[in-house]
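Visitor: Dropping the structure in here first, questions after.
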Amino acid sequence: MGTIQTGLITFEEFANLPDPPGGYYELHHGQVVFMPFRKFPHALEQQSLLELLLPLTRGKGIVMTEFPFRPAAEYESWQADVAFVTRERAQNTSDYFFGAPELVIEVLSPSNTKAEILERQDICLSNGCTAFWVVDPKRRLVRVTGTDRKTVTYDYSMSVPLPEPLGGSIPVAAIFEDPASARLP
């Protein structure tokens with residue numbers, strides 16, 4: 001990741017930028033930031049999470065990978081690795097979802113910094129997110145922070161409870177299974 005220009009630009013200016021080769025742009029505090037395309041292991045983690053969440057979200061809302069949203073008015077535009085938004089909140093969406101999804105899941109990559117993840121977490125929780133997950137493939141942990149700003153860490157032997165309206169939980173071990181191999185005979 002890297003900032004590509006100096007000076008603030010608005011979301012409207014950002015929305016008119018051409019797509020870059022090898023990735024996409026996000027808008028962080030008015031700065032255009034190049035985000036390289038995800039790598040295969042990262043995509044596998046996202047796919048595992050998506051497949052685990054899909055049956056639990058039917059009829060309740062939308063879950064997807066690379067979820068585009070605008071957490072703050074004029075100078076922000078991001079993509080969550082995986083996110084869920086309720087049907088009611090999704091109905092008022094045009095090109096970008098405004099606010100933060102109720103559930104935002106970020107899968108750690110080697111390029112992520114602690115400060116970057118904490119900032120994303122704080123902004124999401126201040127803009128409609130009720131549960132912010134950080135999935136750590138290296139340590140096989142999931143850290144969940146709620147609106148009370150308390151963080152709970154779930155290890156490989158535990159299950160992560162889902163926020164309302166989803167209910168239920170997801171075993172941490174299931175998140176780290178290879179979804180492609182789980183379907184092979």
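The values are calculated or read from the model by the stated rules, or taken from the named source; none is laboratory data. Keep in mind that what you see is a predicted model, and the values were worked out from it rather than measured. Cβ sites come from the backbone with ideal geometry, for glycine too, and all protein chains shown count toward neighbours. Just so you know, the surface numbers come from the protein's heavy atoms only, side chains and all, with ligands and any DNA or RNA stripped out. Shrake-Rupley method; radii C 1.70, N 1.55, O 1.52, S 1.80 Å.
Visitor: Please work out which one of (1) open to solvent by less than 80 Å² (accessible area, probe 1.4 Å); (2) in contact with a helix residue (DSSP H, G or I) (Cβ under 8 Å, 6 or more places away or on another chain) is the condition Q31 fails and give its number.
Guide: Against the list (1) open to solvent by less than 80 Å² (accessible area, probe 1.4 Å); (2) in contact with a helix residue (DSSP H, G or I) (Cβ under 8 Å, 6 or more places away or on another chain), Q31 comes up short only on (2).
Visitor: Quick check: anything in the stretch 71-90 touching a Cys at 6+ places or on another chain (Cβ under 7 Å) and either within 22 Å of T57 (Cβ to Cβ) or buried (at least 16 other Cβ atoms within 10 Å of the Cβ) (or both)?
Guide: Yes, there is a match, as at least one residue in the stretch 71-90 is touching a Cys at 6+ places or on another chain (Cβ under 7 Å) and either within 22 Å of T57 (Cβ to Cβ) or buried (at least 16 other Cβ atoms within 10 Å of the Cβ) (or both).
Visitor: Restricting to strands (runs of 3 or more DSSP E) lying wholly in the stretch 107-185: which have 2 or more residues that are surrounded by fewer than 14 Cβ atoms within 10 Å (Cβ to Cβ), at pLDDT 95 or above and not acidic (D, E)?
Guide: Of the strands (runs of 3 or more DSSP E) lying wholly inside the stretch 107-185, those with at least 2 residues that are surrounded by fewer than 14 Cβ atoms within 10 Å (Cβ to Cβ), at pLDDT 95 or above and not acidic (D, E) span 151-154.
Visitor: Got a number for residues in the stretch 66-95 being in contact (Cβ under 8 Å) with a residue 60 or more places away in the chain, over 23 Å from S48 (Cα atoms) and hydroxyl-bearing (S, T, Y)?
Guide: The qualifying residues number 2.
Visitor: Has the stretch 138-153 got at least one residue that is in contact with a strand residue (DSSP E or B) (Cβ under 8 Å, 6 or more places away or on another chain), of a type outside the set (S, T, Y) and in contact (Cβ under 8 Å) with a residue 60 or more places away in the chain?
Guide: Within the stretch 138-153 (the criterion being in contact with a strand residue (DSSP E or B) (Cβ under 8 Å, 6 or more places away or on another chain), of a type outside the set (S, T, Y) and in contact (Cβ under 8 Å) with a residue 60 or more places away in the chain), the answer is no, since none of the residues qualifies.
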